[in-house]
Amino acid sequence: QVQLVEEGGGSAQAGGSLRLACTASVNPFRLYNIAWFRQAPGEEREFVAGVSTGGDIRLADSVKGRSTISRDSANNAVFLQMNNLKPEDTAVYYCAADLPWPPRNGVLPRYWGQGTQITVSS
């Protein structure tokens, strides 16, 4: 069983930045494709960013150009850096592991963290 723990959520002003971290209980973490999803109130959960075991990166159009995802396999961690935050980024962000690559609509990762809230005020 893979346990994922997210950190780094909080409140920010529009235009600010936040960095989310996801750490995993499993070793080697590097064998899993990892992704961040988010879910706003009343909305469906949506893909935000993902990184494959080989380092390939995919970003949702909504965050492209202002967000990056990276992994530190030696420390079983994945990071999501979000810049130029917008109120529409407000959501619960989830770290997830073990998804197909490239990510496919309708195919969800096998393992999920509990989520961390990001609130962006205008």
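Numerical summary
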read-out: Count - residues of the range 95-115 that are within 15 Å of A49 (Cα to Cα) and assigned to a strand (DSSP E or B); value: 4
read-out: Criterion: modelled with pLDDT of 95 or more, in contact with a Leu (Cβ under 7 Å, 6 or more places away or on another chain) and open to solvent by 50 Å² or more (accessible area, probe 1.4 Å) - qualifying residue of W112, W36; value: W112
read-out: Cβ pairs under 8 Å, 6+ apart, first in the range 48-69 and closer than 18 Å to Y94 by Cα, second hydroxyl-bearing (S, T, Y) and open to solvent by less than 10 Å² (accessible area, probe 1.4 Å); value: V48/S67; V48/Y93; A49/S67; L59/S67
read-out: Which listed residue, of V120, V92, V63, is at pLDDT 95 or above, assigned to a strand (DSSP E or B) and touching a helix residue (DSSP H, G or I) at 6+ places or on another chain (Cβ under 9 Å); value: V120
read-out: Filter result for the condition that a residue is out of contact with any strand residue (DSSP E or B) (no Cβ under 8 Å at 6 or more places or on another chain) and of a type in the set (S, T, N, Q), over T90, T53, T119; value: T53
read-out: Qualifying positions in the range 11-27 - open to solvent by 70 Å² or more (accessible area, probe 1.4 Å) and either out of contact with any strand residue (DSSP E or B) (no Cβ under 9 Å at 6 or more places or on another chain) or at positive phi (or both); value: N27
read-out: Index of the failed condition, N75 passing every other in (1) farther than 10 Å from A35 by Cα; (2) modelled with pLDDT of 95 or more; (3) surrounded by fewer than 18 Cβ atoms within 10 Å (Cβ to Cβ); value: (2)
read-out: Test for F47: is it open to solvent by less than 60 Å² (accessible area, probe 1.4 Å), touching a Lys or Arg at 6+ places or on another chain (Cβ under 6 Å), among the aromatic types (F, W, Y) and part of a strand (DSSP E or B); value: no
read-out: Members of the range 39-58 found to be under 18 Å from A77 (Cα atoms) and either small (G, A, S) or out of contact with any helix residue (DSSP H, G or I) (no Cβ under 8 Å at 6 or more places or on another chain) (or both), listed by number; value: V48, A49, G50, V51, S52, G54, G55, D56, I57, R58
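The values are calculated or read from the model by the stated rules, or taken from the named source; none is laboratory data. This is a predicted model, so every value here is computed, not measured. Note that each Cβ is placed from the backbone with ideal geometry, even for glycine, and that neighbours are counted across all protein chains shown. Just the protein is used for accessible areas: all its heavy atoms, side chains included, with ligands, DNA and RNA removed. Shrake-Rupley method; radii C 1.70, N 1.55, O 1.52, S 1.80 Å.
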